[in-house]
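A quick write-up on the structure given underneath.
The values are calculated or read from the model by the stated rules, or taken from the named source; none is laboratory data. Owing to the predicted nature of the structure, the values given are computational and were not obtained by experimental measurement. Cβ atoms come from the backbone with ideal geometry, glycine included; neighbour counts cover every protein chain shown.
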Amino acid sequence: MIRSMTGYGSAKGTVAGFDITIELRSVNNRYLDLGIKLPRGFLFAESEIKNYIQNKVSRGKLDFFLTLDSAESDQTRIRVNTRLAEAYRNAITGIGETLELPAPVSALDIARFPDVLSLEKEELDQGAFLEQLFPLLDTALDDFNAMRTREGEKLAEDLLQKADHIEELVLAVERQAPKTVSAYRERLEAKLREVLADTSAAEERVIAEAAIFADRVATDEETVRLHSHLSQFRKLMEEGSPIGRKLDFLIQEFNREANTIGSKCQDSEIAYLVVELKSEIEKIREQVQNIE
């Protein structure tokens, strides 16, 4: 199963009393580059989230977003300073008695005084938060990977078609190469006879020298290796992701063989085939950059 490096996934749920949205977005990158975006107060989770994702995703520039969808009302409580409230009540009552004034005082009156009531956040249980977060993260990752798999299926189909075309071009080179070698040998023999016409060089020596030089334009080794690389390419495609780096290296070998054939060729038809071959290899190289 081939996966693209480009994808998006999300999930919503309640984690430790918070309504949370998780989003994952990724684009192409040579290695895994993780960016974790968390609200203030949740930075403690960054390392754990990063380690968790690293075990699930191997390549791409991936951004993780955690958003709080609701106020933290469940995590806030009102604290009553009872001693201070009693002190305010006693003070007011004492003023009334001293000045012989009525001093009716209600709880609401006392609550209005400074520091009687205060808002206090409950301490977050970090372990419980992470324990409940990971199942929600798995849901987001499933959504994320589903999109990447759909994109990967399209990439795989296109890459295999291009591989088939490359094989056709290699077979065309193999059909043309013997004619090229034979023609090159004949021209070389004629040239050698002309150069050595005034010497006593044996005919066998001329033929042997021509054969040695003609072998230098033969492309058998390169085409055999290309067939081997194509076979390995198809096996990797069957294995599925993560194979992006392996494919990237293999395509470099494709290019090496194509360049060698191009440097050896003494034939315009093979030269044309090599240009088309290198063009198709470059198309595969560009597509491989999208694979995890």
Practice task
Filter segment 266-283 down to residues that are outside any helix (DSSP H, G or I) and surrounded by 18 or more Cβ atoms within 10 Å (Cβ to Cβ), then give me how many there are.
Solution key: 1
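Any idea which of Leu155, Leu230 is modelled with pLDDT of 90 or more and either touching a Phe, Trp or Tyr at 6+ places or on another chain (Cβ under 9 Å) or not hydrophobic (A, V, I, L, M, F, W, C) (or both)? Before the answer, list the steps.
Details: Leu155 fails: either touching a Phe, Trp or Tyr at 6+ places or on another chain (Cβ under 9 Å) or not hydrophobic (A, V, I, L, M, F, W, C) (or both).
None of the other options fit; the residue is Leu230.
Table: residues versus (1) assigned to a strand (DSSP E or B); (2) over 23 Å from Arg150 (Cβ atoms); (3) assigned by TED's automatic domain parsing to the domain that holds Ile243.
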{"site": "Met1", "(1), (2), (3)": "no, no, no"}
{"site": "Gly13", "(1), (2), (3)": "yes, yes, no"}
{"site": "Ile22", "(1), (2), (3)": "yes, no, no"}
{"site": "Asn29", "(1), (2), (3)": "no, no, no"}
{"site": "Arg40", "(1), (2), (3)": "no, yes, no"}
{"site": "Ile53", "(1), (2), (3)": "no, no, no"}
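Which ones in segment 107-154 are closer than 14 Å to Arg3 by Cβ, among the hydrophobic types (A, V, I, L, M, F, W, C) and in contact with a strand residue (DSSP E or B) (Cβ under 6 Å, 6 or more places away or on another chain)?
Of the residues in segment 107-154, the ones closer than 14 Å to Arg3 by Cβ are 141-154.
Narrowing the set further to residues that are among the hydrophobic types (A, V, I, L, M, F, W, C) leaves 141, 144, 146-147.
Within segment 107-154, Phe144, Met147 meet the criteria.
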Problem - So Ser118, is it within 23 Å of the chain's Cα centre (by Cα) and exposed (fewer than 13 other Cβ atoms within 10 Å of the Cβ) - result: no
Practice task
Within segment 4-34, track down each residue that is under 19 Å from Asp125 (Cβ atoms), surrounded by fewer than 18 Cβ atoms within 10 Å (Cβ to Cβ) and not acidic (Asp, Glu).
Solution key: Gly13, Thr14, Ala16, Gly17
Practice task
Only residues that are at pLDDT 85 or above and part of a helix (DSSP H, G or I): list them for segment 65-91, please.
Solution key: Thr82, Arg83, Leu84, Ala85, Glu86, Ala87, Tyr88, Arg89, Asn90, Ala91
Exercise for the section: State which residue pairs qualify: first residue under 11 Å from Phe65 (Cα atoms) and touching a residue at least 24 places away in the same chain (Cβ under 8 Å) and inside segment 8-37, second residue acidic (Asp, Glu) and part of a strand (DSSP E or B) in any location, beta carbons under 6 Å apart, and separation of 6 or more residues or different chains. Expected result: Ser10/Glu23; Arg25/Asp63; Gly35/Asp63
Problem - All positions within segment 235-292 that are over 17 Å from Ser58 (Cβ atoms), β-branched (Val, Ile, Thr) and in contact (Cβ under 8 Å) with a residue 60 or more places away in the chain - result: Ile261, Ile270, Val274, Ile281, Ile284
